[in-house]
Amino acid sequence: MSRRSEVIEITILILVSFSPLLSQPLKAALILFILILNNKYLLKFSKGKAIILGIFMTIFIFSSVLDLRNISSLSQFNILNLYFPLCILLGYVISEKYTLSRFFYLLDKVIFILAIFSLIGVFIYTFIPNVINYLPVYHYYHTTHKTAYFFNILTNGPNGILKRNAGIAWEPGAFQFILNLGLYSYLNTNKKTSLFRIAIYSVAIITTRSTAGILIFIAITSKLFLEDKKARVIILSSVLVFGGLIIEELTYQYKYKLFGSYAFQIRLEPLLNAFNVGKKHFFGLGNSGFDILYRNITTPPWDSIGQIFIRYGYPLFICIIVCLLQHIKRHKILFIILVITYSSQNIWFFPLVTTFYFNFIEKEKKNKRNNIKVENYENIMVS
């Protein structure tokens, strides 16, 4: 498979996971398309990954059977009972096809371009906002926004613009995950780093104004600060030059987004409710059960943890946590990126994310194309 084909495949993987412009049926069709193209990897089971996949599928099948008690007809059976296993299966296939190192390499290639496009959007809504009136409209659930296809601009009314970088995602808190993952991927596949490239990632992340994104960014740059002398000088200089803006942003985050704030409270309460439900239902309520519970409740859990607990209970939660914990030995920052984002976004089943449930198990690839060819391949930075 050529590098161009690999880049296209990873791009589709990101868009299927995060783009609000793709309908759910189209996302399912694209997932099936990628699975069909890579069907040979479904037949080449590696023992460790096959066991993990088997555990996931057992949980899904058992939950689907239990979920039948929540419905009176098959028309009420939630299609997510099929969609979630499909996403996990695709994650398995991607992990079989690419080593984690190669996956990082390709992620950086795609995400860096997305970061540049997102900053074009930031430039437009900051300096020439009138242009936004001429952009196409898209609808996402009950909201209406503007898009240039390569980046989205969020609006909060007919004439209002939410001045936060959402990139190709549905909201800034989701896009920060893509950007931080791209930055981390870049640092892990290049011994000689480009400060320009790091600067693009940094500005894109900061302009999301996402609390989770900024916390993750601090974790990544702290590591970079300790390991790279040149980067240390740039970071210190940036703090001195933009100190006022940095303090202003941190004050905003503390006052309006962190503990005790309204934004924090409206996210915390649904999560606590999810834990209360989880105490009573060890195996969760199922996806149809979830629909019944929240039919008259406007605020289901915003995050992955609460969603997992209510839908599948302790078995799936334990399975996912155990898989993610395996990354701590070599990729602590990757673990931080995933866990912090899980606490604020419902991304646990995204195809881009599910591959991380499997690819901590590495194996040698006979196909040399799967191994990245960078100066420090044998000495990749690890957390």
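The values are calculated or read from the model by the stated rules, or taken from the named source; none is laboratory data. Because the structure is predicted, anything quoted here is derived from the model rather than measured. Here Cβ is always computed from backbone atoms with ideal geometry, including for glycine, and neighbour counts include all displayed protein chains. Note: areas computed on protein heavy atoms with side chains; ligands, DNA, RNA excluded. Shrake-Rupley method; radii C 1.70, N 1.55, O 1.52, S 1.80 Å.
Residue under question is THR155, and the condition is that it be over 19 Å from the mean Cα position of the chain (by Cα) and surrounded by 23 or more Cβ atoms within 10 Å (Cβ to Cβ); does it hold? No; evaluated as a whole, the condition is false for this residue.
Applying the set (1) without any contact (Cβ under 8 Å) to a residue 24 or more places away in the chain; (2) open to solvent by 30 Å² or more (accessible area, probe 1.4 Å) to SER202 leaves exactly one unmet item: (2). Considered as a group, the residues in the stretch 1-49 that are surrounded by 14 or more Cβ atoms within 10 Å (Cβ to Cβ), hydrophobic (A, V, I, L, M, F, W, C) and over 24 Å from LYS109 (Cβ atoms) include one that is modelled with the lowest pLDDT, and that residue is PHE45. Applying a threshold of 6 Å to beta carbon distances and a minimum spacing of six or more residues, or different chains, the list of pairs starting in the stretch 110-139 at a residue that is closer than 27 Å to VAL16 by Cβ and ending at one that is open to solvent by 20 Å² or more (accessible area, probe 1.4 Å) and among the small types (Gly, Ala, Ser) reads LEU135/ALA148.
Being without any contact (Cβ under 8 Å) to a residue 60 or more places away in the chain and open to solvent by 30 Å² or more (accessible area, probe 1.4 Å) is the filter here; which residues of the stretch 205-216 pass it? If the condition is that a residue be without any contact (Cβ under 8 Å) to a residue 60 or more places away in the chain and open to solvent by 30 Å² or more (accessible area, probe 1.4 Å), then ILE206, ARG209 are the ones that fit.
Only residues that are among the small types (Gly, Ala, Ser), in contact (Cβ under 8 Å) with a residue 24 or more places away in the chain and either surrounded by fewer than 24 Cβ atoms within 10 Å (Cβ to Cβ) or not in a loop (DSSP other than H, G, I, E, B) (or both) were counted across the stretch 161-198, and they come to 4. In summary, GLY286 fulfils each of the numbered conditions (1) within 18 Å of LEU68 (Cα to Cα); (2) surrounded by fewer than 22 Cβ atoms within 10 Å (Cβ to Cβ) with the single exception of condition (2). Can you say whether LEU86 is modelled with pLDDT under 95 and of a type in the set (A, V, I, L, M), as far as the supplied structure shows? Here the answer is no, as LEU86 does not meet what is asked.
Across the stretch 308-346, the number of residues qualifying as open to solvent by less than 20 Å² (accessible area, probe 1.4 Å), farther than 20 Å from TYR294 by Cα, over 18 Å from the mean Cα position of the chain (by Cα) and aliphatic (A, V, I, L, M) comes to 1.
Which number in (1) in contact with a strand residue (DSSP E or B) (Cβ under 9 Å, 6 or more places away or on another chain); (2) part of a helix (DSSP H, G or I) marks the one condition that PHE112 misses? In the conditions (1) in contact with a strand residue (DSSP E or B) (Cβ under 9 Å, 6 or more places away or on another chain); (2) part of a helix (DSSP H, G or I), PHE112 misses (1) alone.
Summed over the stretch 207-237, residues that are out of contact with any helix residue (DSSP H, G or I) (no Cβ under 7 Å at 6 or more places or on another chain) and either under 23 Å from GLY121 (Cα atoms) or not charged (D, E, K, R) (or both) total 6.
Exactly one of (1) open to solvent by 40 Å² or more (accessible area, probe 1.4 Å); (2) over 24 Å from THR211 (Cβ atoms); (3) touching a Lys or Arg at 6+ places or on another chain (Cβ under 9 Å) is unmet by ASN130. Its number? Looking at each condition in turn, ASN130 falls short on (3). Among the helices (runs of 4 or more DSSP H) confined to the stretch 217-301, the ones with at least 1 residues that are more than 30 Å from SER72 (Cβ to Cβ) and modelled with pLDDT under 70 are located at 229-241, 243-256, 262-280. State whether the residues of the stretch 52-66 include one that is aromatic (Phe, Trp, Tyr), touching a Phe, Trp or Tyr at 6+ places or on another chain (Cβ under 6 Å) and within 25 Å of PHE317 (Cβ to Cβ). No, the stretch 52-66 contains no residue that is aromatic (Phe, Trp, Tyr), touching a Phe, Trp or Tyr at 6+ places or on another chain (Cβ under 6 Å) and within 25 Å of PHE317 (Cβ to Cβ).
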